[in-house]
Amino acid sequence: MNALTSSVFSDSDPYPDPDQIPPLDFLVVAPHPDDAELGMGGTIMRMIDEGMRVGVLDLTSGEPTPHGSLEIRRRETAHATEIMKLTWRGNAGLTNRAVEASLPAREHIASFVRCLRPRWLFAPYYHDAHPDHIAATQLVEAARFHAKLSKTAMPGPRHHPERLYYYFCIHLRLAVQPSWIVDISDQWDRKLDAIRAYESQFITGRDPGPPSLTDRFRDDAAYWGRLIERQYGEPFATKEPLAMSSLRDLI
């Protein structure tokens, strides 16, 4: 870790050694532990089921929260990671409730991108009420560009992910129109297990219902599934056009 980032993000996980880890197919950047699971946990597991290498970079610890602690959140994140069978997971050590798209943070996230070399990046949807989510998306967009710069002290080789896509884990009641929806019917039960791993966030102190909070997550997934005539789905957005070589994968 170079002097700039190490002095600012002292709680960050170390950058992966690019000589020791093959490039990822996908890197999902999440403002807090549990955002990746909520927004696209089923798609992550589907990609892994199909043999792809998938990583998650959590920007913060997610603490403080009413029923959590740093130790509890680390344990819960490790459990969810095991359920999803992620190729790699790390934490950037940014401060919860104070994520900013600053130049030092941009360089820091770009350093992870250079070391992990993902083909595609996933970031939170760009319209949200949560300031951390908005800043996280701005940060990822800037870091994607920053990672390809030459003549820099950042670790790892120059790298520019081919595409940046957006997953929905938002705090606004929006009737969103996604660019596409992924069928996660076969992965839904495991996605729910990964969400339930964060007991301090979604179970402890919550109204057991009915409907419970996890019941609402199921209803949301069923809604997206109905739109594509499947049981469960997850929506995604893109700012750039999608390119297709075949129509065979359309359902």
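The values are calculated or read from the model by the stated rules, or taken from the named source; none is laboratory data. Since the model is a prediction, treat every value here as computed from it, not as a measurement. Neighbour counts run over all protein chains shown; Cβ positions are idealised from the backbone, glycine included. Just so you know, the surface numbers come from the protein's heavy atoms only, side chains and all, with ligands and any DNA or RNA stripped out. Shrake-Rupley method; radii C 1.70, N 1.55, O 1.52, S 1.80 Å.
Applying Stokes-Einstein at 37 °C and 0.692 mPa s to the Kirkwood radius of segment 65-149, computed over alpha-carbon pairs, gives a translational diffusion coefficient of 230 µm² s⁻¹.
Computed with the Debye formula from one identical point scatterer per Cα of the chain, without solvent, the log10 of I(q)/I(0) at q = 0.10, 0.11, 0.16 Å⁻¹ comes to -0.46, -0.56, -1.23.
Out of every Cα-Cα pair in segment 1-117, what percent are more than 24 Å apart? It would help to have the intermediate numbers written out before the result.
Values: 1685 of 6786 pairs.
Every Cα pair in segment 1-117 considered, those over 24 Å come to 25 percent.
Summarising the label geometry, the points placed 7 Å from Cα in the beta-carbon direction at VAL176 and ASP207 lie 2.4 nm from one another.
Between the residues VAL54, ALA222, SER200, the greatest Cα displacement towards the positive end of the dipole of the chain, with unit charges on the Cβ of Lys, Arg, Asp and Glu, is found for VAL54.
With the full set of protein chains in place, find how many percent of the accessible area of segment 1-147 is carbon and sulfur; take the probe as 1.4 Å. Working shown, then result.
On the way: 3050 of 5870 Å².
In segment 1-147, the share of accessible area belonging to carbon and sulfur is 52 percent.
Just the accessible area per residue of the chain, please: how many Å² with a 1.4 Å probe? Please report the intermediate quantities before stating the final value.
On the way: 12500 Å² over 251 residues.
Roughly 50 Å² per residue, with all protein chains present.
For segment 123-251, the gyration tensor built on C-alpha atoms gives an oblate shape. Its axis ratio a/c (a ≥ b ≥ c) is at least 1.5, and a/b is not larger than b/c. Helix content alone sets the calculated 222 nm mean residue ellipticity of the chain: runs of n ≥ 4 DSSP H residues at -39500 (n - 2.57) each, divided across all residues, give -11500 deg cm²/dmol. ARG144 sits among other residues whose Cβ lies under 14 Å from its own Cβ, and their net charge, with Lys and Arg +1 and Asp and Glu -1, is +4.
Explain nothing, just the number: dipole magnitude of segment 1-121 about its Cα centre with +1 on each Lys and Arg Cβ and -1 on each Asp and Glu Cβ, in debye rounded to the nearest 20. Mind showing how you got there, number by number?
On the way: 12 positive and 17 negative charges, 41 e Å.
Roughly 200 debye for segment 1-121.
The portion of the accessible surface of segment 149-246 made up by carbon and sulfur, rounded to a whole percent, is 47 (1.4 Å probe; DNA, RNA and ligands excluded). Report for the chain the percent antiparallel among DSSP-assigned beta bridges with both residues inside it, nearest 5. The antiparallel fraction comes to roughly 25 percent.
Show me 115-124, 188-197 ranked by packing, highest mean number of other Cβ atoms within 10 Å first. Present the calculation step by step, with values, prior to reporting the outcome.
On the way: 115-124: 23.1, 188-197: 20.1.
Highest-to-lowest ranking by the protection proxy: 115-124, 188-197.
Which lysines have a Cα lying under 21 Å from the Cα of LYS191, excluding residues fewer than 8 positions away in the same chain? Straight-line reach from LYS191, under 21 Å: LYS85. Beyond 15 Å, what share of the Cα-Cα pairs of segment 150-226 is found? Please give it as a whole percent. Everything past 15 Å amounts to 71 percent.
Tell me the relative contact order for segment 72-202 as a rounded percent, counting alpha carbon contacts under 8 Å between residues six or more apart.
On the way: 150 pairs, mean separation 45.2, N = 131.
Relative CO of segment 72-202 lands at 34 percent.
So, with +1 on the Cβ of K and R and -1 on the Cβ of D and E, and no other charges, what is the size of the charge dipole of the chain about its Cα centre, to the nearest 20 debye?
Working: 28 positive and 34 negative charges, 126 e Å.
With only Lys, Arg, Asp and Glu charged at Cβ, the dipole is about 600 debye.
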